[in-house]
Amino acid sequence: MHKTIQRMTEIVSSGEEDDILTILAEDVIFLPPTYYRSWTGRKAVAAVLGHVGHVFTDFSYRRILGEGNDWALEFTCKVGDLDGVGVDLITLDSDDMISKIEVVMRPHKTVGALRDAMNMRVMRDPRFLEFQKALT
């Protein structure tokens, strides 16, 4: 397995932004299953993933497929008492940093619960006002 992908499997569920920052490219793009726009930039994406790490419980990767720069990591998790299954589609850049993360997830009810939980968290995080300004 690629060293960056291995590191991701070790830290992504921790919610530790400092660790997450170490695997992201400066201009990383994150496409979440709960938000119609993408997040761009190392700090914004690490902050989002940090919050996700605190919302998901019982998180684990169960299949990892890929080679070179393109990877698919299937995961299971809980959001509250709801079960979820998803896939992280990862693209690495030439420096072996994550340059793109797209997450697809089901079922719809769990994605809705994730959206609600994330909205509650980011509304209390003043950094997101700045991150959102950068989106416009």
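So residue 110 ticks every box in (1) of a type in the set (S, T, N, Q); (2) in contact with a Ser or Thr (Cβ under 8 Å, 6 or more places away or on another chain); (3) not in a strand (DSSP E or B) but one. Which box is left unticked?
Of (1) of a type in the set (S, T, N, Q); (2) in contact with a Ser or Thr (Cβ under 8 Å, 6 or more places away or on another chain); (3) not in a strand (DSSP E or B), only one is false for residue 110: (2).
On the given criteria, is residue 46 buried (at least 16 other Cβ atoms within 10 Å of the Cβ) and either among the acidic types (Asp, Glu) or closer than 14 Å to residue 127 by Cα (or both)?
yes
Assuming residue 56 fulfils every condition listed in (1) in contact (Cβ under 8 Å) with a residue 24 or more places away in the chain; (2) surrounded by fewer than 19 Cβ atoms within 10 Å (Cβ to Cβ); (3) of a type outside the set (A, V, I, L, M) apart from one, which condition is it?
(2)
Checking the structure you have, find out if any residue of segment 78-100 is in contact with a Gly (Cβ under 7 Å, 6 or more places away or on another chain) and under 20 Å from residue 3 (Cα atoms).
Checked against the condition, which is being in contact with a Gly (Cβ under 7 Å, 6 or more places away or on another chain) and under 20 Å from residue 3 (Cα atoms), segment 78-100 yields no hits at all.
Given the criteria farther than 21 Å from residue 41 by Cβ, in contact (Cβ under 8 Å) with a residue 40 or more places away in the chain and surrounded by 12 or more Cβ atoms within 10 Å (Cβ to Cβ), does residue 113 qualify?
The answer is no for residue 113.
With 124, 37 as the choices, which residue is exposed (fewer than 15 other Cβ atoms within 10 Å of the Cβ), modelled with pLDDT under 95 and touching a Leu at 6+ places or on another chain (Cβ under 7 Å)?
On inspection, the qualifying residue turns out to be 37.
Anything in segment 1-20 that is touching a helix residue (DSSP H, G or I) at 6+ places or on another chain (Cβ under 7 Å) and more than 19 Å from residue 73 (Cβ to Cβ)? List them, or say none.
Across segment 1-20, the qualifying residue is only 17.
Hey, can you tell me all the residues within segment 7-27 that are among the charged types (D, E, K, R) and assigned to a helix (DSSP H, G or I)?
Matches in segment 7-27: 7, 10, 17, 18, 19.
Each row is one residue, and each column tells you yes or no for (1) part of a helix (DSSP H, G or I); (2) more than 18 Å from residue 128 (Cα to Cα); (3) among the small types (Gly, Ala, Ser).
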{"site": "29", "(1), (2), (3)": "no, no, no"}
{"site": "44", "(1), (2), (3)": "yes, no, yes"}
{"site": "60", "(1), (2), (3)": "no, yes, yes"}
{"site": "78", "(1), (2), (3)": "no, yes, no"}
{"site": "96", "(1), (2), (3)": "no, yes, no"}
{"site": "102", "(1), (2), (3)": "no, yes, no"}
{"site": "105", "(1), (2), (3)": "no, yes, no"}
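Quick check on this structure: which one of 32, 107 is surrounded by 15 or more Cβ atoms within 10 Å (Cβ to Cβ) and of a type outside the set (A, V, I, L, M, F, W, C)?
Going through 32, 107 in turn, the sole match is 32.
The values are calculated or read from the model by the stated rules, or taken from the named source; none is laboratory data. A quick note: this is a predicted structure, and the numbers were derived from the prediction, not measured. When we count neighbours, we look across all protein chains shown, and the Cβ atoms used for this are built from the backbone with ideal geometry, even at glycine.
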